[in-house]
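Okay, structure first, notes after.
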Amino acid sequence: MSYDTLKVCIIIPAYNEEKSIAQVISRIFRLHPEFTVVVIDDGSSDGTAAAAKAAGADVITLPQNLGIGGAVQTGYLYCARKGFDVAVQVDADGQHKPEELDKIINPIREGQADMVLGSRWVENTGYRSSRSRRAGMLILASLVSFFTRRHVTDPTSGFRAVGRKGIQLFAEDYSTDYPEVDSLVSLNSHGLRIIEVAVEMDQRQAGSSSISSVKSIYYMIKVTLSIMIRSVR
Amino acid sequence: MERVQVLSLCLSVALIVFVLHLIRRRALREQYALLWLFFGLVMLVLSIKTSWLEWMAEAVNVFYAPSLLFLVGIVLCFLLILHLTVVVSKLTERIIVLTQEIGLIRNELEKHGQEKNG
Ligand SMILES: Nc1nc2c(ncn2[C@@H]2O[C@H](COP(=O)(O)OP(=O)(O)OP(=O)(O)O)[C@@H](O)[C@H]2O)c(=O)[nH]1
Ligand SMILES: [Mg+2]
């Protein structure tokens, strides 16, 4: 298959993001009109689905909130069944810049990697966050680096692309609750090649973050346990 | 018969009757129904034949026979709860798969509808 006939699908998980979703979608289409954009509306109570449809995305509305993992996996199932070659995850809050899409897709197009992770920390980028968040990310990064024996700097990044093998794997098995970190370990243990590229990220554009401080401690413990289980399985 | 014996007898009969009632209303799946009936019967037998319990307690060197009953009861409760969390996990997994399928099917359906109408 030649370079530019690869079918690319953008997966956007969205939970109550009516304020930012339309802009994210139209920015993607402006740069890449040939891409398919599928929005997983995860039981939102606002106008997320309608806004996404109006912006030209294919919308999958889940009858109840599954959480980010279950929602994203629905996207991978969609890609696997429709035979997409590349699937890219992009957040609905406008943090991930469509201008950076080529950077994370190209290594897959060129066959250099099975998964590309858009990292905030490989080089200094504009993204800022609280000190405790950064500490948490650092701990997770060392954990993942240890278990995958690769240097990973930003395992919690939701800006990522996978090729066919990754799509297939994620469609079959994806952890439901806090999947970003977990899925890296899973891909690695199946022998897929993961690389990181530096990307610019913004702050979220509108709406509110799904991460609270109590949740993030719970998150850390759960992810750690889950990584350990994956690597001994 | 001692009072405590009468009490435990009543309780075990009540348990068995209640479980039978639940089975009749189909509120309990067979596998759990069997389990509870078995619990009920064991309790019933032990409250009639207190000598059996005493014999068992003696065999494992427990001086106060009813405490053996507590021990067994607590262990069984733990096992049952563990089993139930396994069941709940499996159910959750299934609900996730179903939710995803419903989303995907709805998406297909809508597309078909649009083709027909427009
Ligand atoms: N499907 C689904 N998506 C969700 C859920 N919660 C959050 N999301 C989406 O996941 C993406 C990231 O969520 P955020 O809350 O921005 O998390 P974050 O980017 O790690 O945190 P911030 O830096 O505070 O923005 C967004 O596209 C959200 O719409 C959910 O329950 N289900
Ligand atoms: Mg965000």
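Which of the three applies to region A:3-232, rounded, prolate or oblate, going by the alpha-carbon gyration tensor with a ≥ b ≥ c and a/c under 1.5 meaning rounded? Let's see the in-between values first.
Numbers: a/c = 1.38, a/b = 1.17, b/c = 1.18.
Verdict is rounded for region A:3-232.
Could you tell me how far the Cα centroid of region A:89-106 sits from the Cα centroid of region A:12-50, in Å?
13
Considering Cα pairs under 8 angstrom that are at least six residues apart, work out the relative contact order of chain A and quote it in whole percent.
Details: 446 pairs, mean separation 55.7, N = 233.
For chain A, the relative contact order is 24 percent.
Can you find, among A:184, A:86, A:25, the residue sitting farthest towards the positive end of the charge dipole of chain A, where Lys and Arg contribute +1 and Asp and Glu -1 at Cβ?
Among A:184, A:86, A:25, the one farthest towards the positive end of the dipole of chain A is A:184.
Pairs to check: A:7/B:116; A:7/A:215; A:53/B:90; A:19/A:103; A:19/A:215. Give those whose C-alpha atoms are more than 32 Å from each other in this structure. Spell out each step's value before the answer.
Details: A:7/B:116 26 Å; A:7/A:215 37 Å; A:53/B:90 34 Å; A:19/A:103 26 Å; A:19/A:215 24 Å.
Among A:7/B:116; A:7/A:215; A:53/B:90; A:19/A:103; A:19/A:215, the Cα-Cα distance tops 32 Å for A:7/A:215; A:53/B:90.
With a 1.4 Å probe and every protein chain kept in, tell me what percent of the accessible surface of the protein assembly as shown is carbon plus sulfur.
Working: 12320 of 19880 Å².
That share works out to 62 percent.
Along each principal axis of its Cα atoms, how long is region B:35-118 end to end? Whole angstroms, biggest number first, please.
82, 21, 13
Based on alpha-carbon centroids, what's the gap between region B:63-81 and region B:41-59 in Å, whole number please?
Measuring centre to centre over Cα atoms gives 13 Å.
Which of B:70, B:14, B:102 sits farthest toward the positive end of the charge dipole of region B:3-117, with +1 on the Cβ of Lys and Arg and -1 on the Cβ of Asp and Glu?
Checked the options; the winner is B:14.
Which parts of region A:172-192, residue by residue, lose 30 Å² or more of accessible area when the rest of the protein chains are there, as against the chain isolated (1.4 Å probe)?
Checking the loss per residue gives A:176.
As a test of the formula, what do you get for the protein assembly as shown when each DSSP H run with n ≥ 4 contributes -39,500 (n - 2.57) and the sum is divided by the residue count, at 222 nm and rounded to the nearest 500 deg cm²/dmol? Display every interim value, and only then the final one.
Details: 12 runs with 204 residues, N = 351.
Helix-only estimate at 222 nm: -19500 deg cm²/dmol.
On average, how much accessible surface per residue is there in region A:3-232, in Å², for a 1.4 Å probe, leaving out ligands, DNA and RNA?
Values: 9950 Å² over 230 residues.
Accessible surface, normalised per residue, equals 43 Å².
To the nearest 0.05, how large is the calculated FRET efficiency for residue A:214 and residue B:71 if R₀ is 41 Å and r is the Cβ-Cβ distance?
Numbers: r = 37 Å, r/R0 = 0.91.
Once the sixth-power term is evaluated, E becomes 0.65.
Roughly how many debye, to the nearest 20, is the charge dipole of chain A about its Cα centre, given +1 on each Lys and Arg Cβ, -1 on each Asp and Glu Cβ, and no other charges? Walk me through the numbers before you get to the answer.
Values: 26 positive and 26 negative charges, 113 e Å.
That gives a dipole near 540 debye.
I'd like the interface area for chains A and B: accessible area of each alone minus the complex, both sides summed, 1.4 Å probe, protein heavy atoms only. What is it in Å² to the nearest 100? Mind showing how you got there, number by number?
Numbers: alone 10970 and 10190 Å², together 19880 Å².
Buried: approximately 1300 Å² between B and A.
Relative to the isolated chain, which residues of region A:62-78 have their accessible area cut by 10 Å² or more in the presence of all protein chains (1.4 Å probe, heavy atoms, no ligands or nucleic acids)?
A:62, A:63, A:64, A:66, A:73, A:74, A:77, A:78
Of the options A:198, A:219, A:65, report the single residue whose Cα projects farthest towards the positive end of the charge dipole of region A:3-232 (beta-carbon charges: Lys, Arg +1; Asp, Glu -1).
Of the options given, the answer is A:219.
Suppose accessible area is computed on protein heavy atoms with a 1.4 Å probe; arrange A:164, A:149 from highest to lowest.
Putting A:164, A:149 in descending order of accessible area: A:149, A:164.
With springs connecting C-alpha atoms under 10 Å apart, model chain A as a Gaussian network and identify which of A:114, A:173, A:58 has the largest mean-square fluctuation.
Comparing A:114, A:173, A:58 in the GNM, the peak value goes to A:173.
The values are calculated or read from the model by the stated rules, or taken from the named source; none is laboratory data. Just so we're clear, the structure is a prediction, and the values are computed from it rather than from any experiment. Glycine also receives a Cβ, built like all others from the backbone with ideal geometry; neighbour counts cover every protein chain displayed. Ligands, DNA and RNA are stripped out before the accessible areas are found, and what is left, the full protein with its side chains, is counted by its heavy atoms. Shrake-Rupley method; radii C 1.70, N 1.55, O 1.52, S 1.80 Å.
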